[in-house]
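Here is the structure we will look at, set down as structure tokens.
The values are calculated or read from the model by the stated rules, or taken from the named source; none is laboratory data. On a predicted model such as this, the values are computed, not experimentally measured, just so you know. Neighbour counts run over all protein chains shown; Cβ positions are idealised from the backbone, glycine included.
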């Protein structure tokens, strides 16, 4: 008789329909479920894991993350975890002192709420580092804070025009303040991370993500352009050397300054970058910006600081009519399309493009998905299910916090403000939900995202629930980060605990279903398995 390699007992096992009581693994696959079915599968070499009442779930997957970017930034000047301006400057000074040979001081993680109108001043950075250029991305990665030396290096003056896809923030005299929005960031030629730094960043990120129970992800910006680093070499090296223990789908970057002529290049990249655990079968199309800097594309214009209607409805980074043709051709070639669609006009443009592809090509199994979905017009909610477009949520953002309350809601049309992050409506309409983080924009911890999806309040905060009728139940939110993300990633033998599925498993340190919903975020990962092999143990055993 062939015995199991692993048997999990004495705890709830999260299944598609409810809970079971035991699970057995052999040769990297789930062999059996249930106490009776696993009772005779333990042999002399079988390892038995006593769950002790803790919950066993499928491995988490992230449907929208920037893993290499996040890993690289962990080794740079890190401003995350605080909103205090003096603390930012202290960290910048320390990083500069600790890295005297660095020609540039690079990093990021600052929050817009730390500055008046969300716009930082170059003179603050000059006080910390006057002699070297400084370039720091904000936590959303849609703006950069630079010092005077960086502006001089780039030749940015009051006479420099704003690019079509961005904005140079200026003072009353027209001089650059020190904040560059969206496409204006690419005006500064910051040295790219080296190949070694990118590889180190990937391995650093992979270790972190495994510790959070993540066994697979979709990297939303592989082989990038438009001023972003191309990080595909790190994935290629890791896949070829078997250093990649996660399963990764790479979303190849659509250069928004070009058109359909780039599609043959994407086909070549898909072939070259499909190796082992890596498959670059998705194309990322960034349609708009973000609401806080008024570049997310909306159906109604933004308000100004006085509450008056402006002429600005945000930016379309890709012409909506041309987009239909691009998506139709990509779909015909078997590519998945992965949209950055934050404003409700961008969401509508993405759905219109998917609809055009469906009409031209039929309903192919390409599983298009729309990420972010900050504002969705009610008329478009039911279109997700009808078109087979997945709602790719970043639920950690669906809460009251300063960036929402001070920099977003006051500047949105009131109807738009009430249509934010409508996860409940999407679910009730039959849309398939997937979960993602957009790390390093926000925490990569799926449990924190699930907490906000369920509570519509940030962990450890006692605040008003944000549009609470859009909250999800715990089971639905957990499915979004497991079976939902597995669907997006075309990893159909993962995401659920059933015989024959890959043994990508996570043991939580408790059963969150047995506690209060407000305590979900206190849950942590005890163990993570990939194909039945232990890749993380909170006790330190590996």
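Kindly indicate whether residue 79 is out of contact with any strand residue (DSSP E or B) (no Cβ under 6 Å at 6 or more places or on another chain) and closer than 22 Å to residue 208 by Cα. For residue 79, the condition - out of contact with any strand residue (DSSP E or B) (no Cβ under 6 Å at 6 or more places or on another chain) and closer than 22 Å to residue 208 by Cα - is not met. Under the condition of being surrounded by 24 or more Cβ atoms within 10 Å (Cβ to Cβ) and closer than 23 Å to residue 77 by Cα, the residues counted in region 202-218 number 3.
For region 159-176, the count of residues that are closer than 30 Å to residue 245 by Cβ, at pLDDT below 95 and either in contact with a helix residue (DSSP H, G or I) (Cβ under 9 Å, 6 or more places away or on another chain) or in a helix (DSSP H, G or I) (or both) is zero.
Do the conditions hold for residue 196, that is, is it more than 22 Å from residue 368 (Cβ to Cβ), without any contact (Cβ under 8 Å) to a residue 24 or more places away in the chain, in a helix (DSSP H, G or I) and more than 16 Å from the chain's Cα centre (by Cα)? Taking the combined requirement at face value, the residue satisfies it. Counting only strands (runs of 3 or more DSSP E) that sit wholly inside region 353-464, those with at least 1 residues that are touching a strand residue (DSSP E or B) at 6+ places or on another chain (Cβ under 9 Å) and on the phi > 0 side of the Ramachandran plot are 369-372.
The residues on offer are 432, 383, and the sole one that is surrounded by fewer than 24 Cβ atoms within 10 Å (Cβ to Cβ), closer than 27 Å to residue 326 by Cβ and under 19 Å from the mean Cα position of the chain (by Cα) is 432. Checking each residue of region 100-110 against the condition of being surrounded by fewer than 19 Cβ atoms within 10 Å (Cβ to Cβ) and free of Cβ contacts under 8 Å to residues at least 24 places away in the same chain gives at least one match. If you go through region 32-47 and keep only what is part of a strand (DSSP E or B) and either in contact with a helix residue (DSSP H, G or I) (Cβ under 9 Å, 6 or more places away or on another chain) or surrounded by fewer than 12 Cβ atoms within 10 Å (Cβ to Cβ) (or both), you end up with just 32. For the criterion of being touching a strand residue (DSSP E or B) at 6+ places or on another chain (Cβ under 9 Å) and either more than 28 Å from residue 330 (Cβ to Cβ) or not assigned by TED's automatic domain parsing to the domain that holds residue 319 (or both), residue 179 passes. Among the residues of region 329-351, just one is more than 16 Å from residue 488 (Cα to Cα), buried (at least 18 other Cβ atoms within 10 Å of the Cβ) and over 21 Å from the mean Cα position of the chain (by Cα), namely 330.
Note on region 222-333: enclosed helices (runs of 4 or more DSSP H) holding 3 or more residues that are in contact (Cβ under 8 Å) with a residue 40 or more places away in the chain and out of contact with any strand residue (DSSP E or B) (no Cβ under 6 Å at 6 or more places or on another chain) are 232-240, 320-332.
In region 520-542, which residues are surrounded by 14 or more Cβ atoms within 10 Å (Cβ to Cβ) and touching a helix residue (DSSP H, G or I) at 6+ places or on another chain (Cβ under 9 Å)? Hits for region 520-542 are 520, 521, 522, 523, 524, 525, 528, 530, 535, 536. Residue 441 fulfils the conditions (1) over 19 Å from residue 293 (Cβ atoms); (2) crowded, with 24+ Cβ neighbours inside 10 Å except for a single criterion, (1).
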